[in-house]
Amino acid sequence: IDDITINGSTISDAAALTIDAGGDITLDSDSGVIDFDDDTLNFGRIENSSSDFKIESRVQDKDIVFAGNDDMSAAGAATFNAGATFCCDVDITGSVSFANWTITETGGSLYFATGGANKMKLDASGNLDVVGNVNTNATIS
């Protein structure tokens, strides 16, 4: 078949290899593992892990990067149907939005806004400025 080599269970080509099917392409591994290698470096894996779809970076201290063309739709923002859980620190550039509140960091201060207007400011020294009434059941000192 032109310059494609079939040797036992290995299909190889000296140049780029394209698989072009008129229908679906199915990769079926009885082990549930599909590895991605570059020469001898195993850099990625897709795995059936107890029926969870697991995507794994296999190189220490390297990342899984989701990238799109021209910042993708929604400027590259990720959308999750039912929330997200993080085990460690989350670095945020910009603001955090909730149903009725937005928290923004500017110049070392946190601003809490609702209805498009800042309602509270917490600065790096711990000073809190509040717009409106402050109601408390505790002693303020």
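Derivation of every value follows stated rules applied to the coordinates shown; laboratory data play no part. Please read these numbers as outputs of a predicted model, since none were measured by experiment. Neighbour counts run over all protein chains shown; Cβ positions are idealised from the backbone, glycine included.
Express the relative contact order of the chain as a whole percentage, based on alpha carbon pairs under 8 Å and six or more residues apart in sequence. It would help to have the intermediate numbers written out before the result.
On the way: 121 pairs, mean separation 10.0, N = 141.
Across the chain, relative contact order equals 7 percent.
Order these peptides, 111-118, 54-61, 4-11, by their mean beta-carbon neighbour count within 10 angstrom, highest first.
Values: 111-118: 12.4, 54-61: 10.4, 4-11: 8.2.
Averaged packing, sorted descending, gives the order 111-118, 54-61, 4-11.
Looking only at Cα atoms, what is the convex hull volume of the range 33-141 per residue, in Å³?
Convex hull of Cα atoms, per residue: 236 Å³.
Please list, in order along the range 24-32, the HN-Hα scalar couplings obtained from phi with the Karplus expression 6.51 cos²θ - 1.76 cosθ + 1.60 (θ = phi - 60°), rounded to whole Hz, x for Gly and Pro.
5, 10, 10, 9, 10, 10, 4, 7, x
Take the alpha-carbon centre of the range 11-49, take the same for the range 76-109, and report the distance between them in whole Å.
If we compute the Cα centre of each part, the gap is 36 Å.
Could you give the length gained by full extension between VAL33 and PHE80, i.e. 0.36 nm per residue of separation minus their alpha carbon distance, to one decimal place? Each step should come with its number before you reach the end.
On the way: separation 47, 0.36 × 47 = 16.92 nm, distance 2.55 nm.
Length gained, VAL33 through PHE80: 14.4 nm.
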